[in-house]
1. Taking P72, is it out of contact with any Ser or Thr (no Cβ under 7 Å at 6 or more places or on another chain) and touching a residue at least 40 places away in the same chain (Cβ under 8 Å)?
2. Taking segment 45-93 as the region of interest, how many residues are surrounded by fewer than 17 Cβ atoms within 10 Å (Cβ to Cβ), touching a helix residue (DSSP H, G or I) at 6+ places or on another chain (Cβ under 8 Å), basic (K, R) and within 21 Å of K145 (Cα to Cα)?
3. Restricting attention to segment 94-112, and to residues there that are aliphatic (A, V, I, L, M) and over 26 Å from P50 (Cα atoms), which single residue is surrounded by the most Cβ atoms within 10 Å (Cβ to Cβ)?
4. Could you tell me whether any residue of segment 89-97 is β-branched (V, I, T) and either over 27 Å from E37 (Cβ atoms) or touching a strand residue (DSSP E or B) at 6+ places or on another chain (Cβ under 8 Å) (or both)?
5. Any chance segment 111-130 includes a residue that's under 16 Å from the mean Cα position of the chain (by Cα), within 30 Å of N5 (Cα to Cα) and β-branched (V, I, T)?
Amino acid sequence: MLMKNLALGYGDANSLVHFALSSDGQSAAKASGASIEDSAAEIYSGSRAPLRPIHDAVMAAVAAFGPFETLPKKGYVSLRRKRQFAMVGPGTKSRLEIGLNMKDVRATSRLVAMPPGGMCQYKVYLTSAKEVDGELVAWIRLAYKGSG
């Protein structure tokens, strides 16, 4: 409603709701007690299990950047520093999606610009761990550096 009626972006609308509810937006994930590994196992269960090696390759590449927080959500994991810089999760049972928050980057056929107001400005779709290459890692690093 805030996005539609007040033309707020996703992040602004989400922040306003958490402020109004006196919530930090992360308590539910932390309160569940599930580890990152347990959450990833649940996200990549069943027909999405073949996507787990791609997820693991992305996470291994990001781990080299420095400190960040991994927050499990219902169908993806959020990667944060001061704010979210990426989200990683299944888009379909055969494709992993990486949402990236970064500004002023020219979209390509691989780096897809998302409509304004969404959770991420760009998405990259992966079907193989081989696609976790220098180009992708550079985009994620750019989002990482811009997040705080």
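1. On the way: out of contact with any Ser or Thr (no Cβ under 7 Å at 6 or more places or on another chain): no; touching a residue at least 40 places away in the same chain (Cβ under 8 Å): yes.
No; evaluated as a whole, the condition is false for this residue.
2. Residues flagged as surrounded by fewer than 17 Cβ atoms within 10 Å (Cβ to Cβ), touching a helix residue (DSSP H, G or I) at 6+ places or on another chain (Cβ under 8 Å), basic (K, R) and within 21 Å of K145 (Cα to Cα) within segment 45-93 amount to 1.
3. The initial filter retains those residues of segment 94-112 that are aliphatic (A, V, I, L, M), namely 96, 98, 100, 102, 105, 107, 111-112.
Next, only the ones that are over 26 Å from P50 (Cα atoms) stay: 102, 105, 107.
On the way: M102: 20, V105: 15, A107: 12.
Restricting to residues being aliphatic (A, V, I, L, M) and over 26 Å from P50 (Cα atoms), the top hit is M102.
4. Taking every residue of segment 89-97 in turn, none turns out to be β-branched (V, I, T) and either over 27 Å from E37 (Cβ atoms) or touching a strand residue (DSSP E or B) at 6+ places or on another chain (Cβ under 8 Å) (or both).
5. yes
Per-residue answers, yes or no, for (1) within 20 Å of Y44 (Cβ to Cβ); (2) touching a residue at least 12 places away in the same chain (Cβ under 8 Å); (3) of a type outside the set (V, I, T):
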residue	(1), (2), (3)
R80	no, yes, yes
G91	yes, yes, yes
L96	yes, yes, yes
G99	yes, yes, yes
P116	no, yes, yes
S128	yes, yes, yes
G134	no, no, yes
L142	no, yes, yes
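A short reminder: the numbers here are calculations on the coordinates, not readings from a lab. Being a predicted model, the structure only gives us computed values, none of them experimental. Cβ: placed from backbone, ideal geometry, glycine included. Neighbour counts: every protein chain shown.
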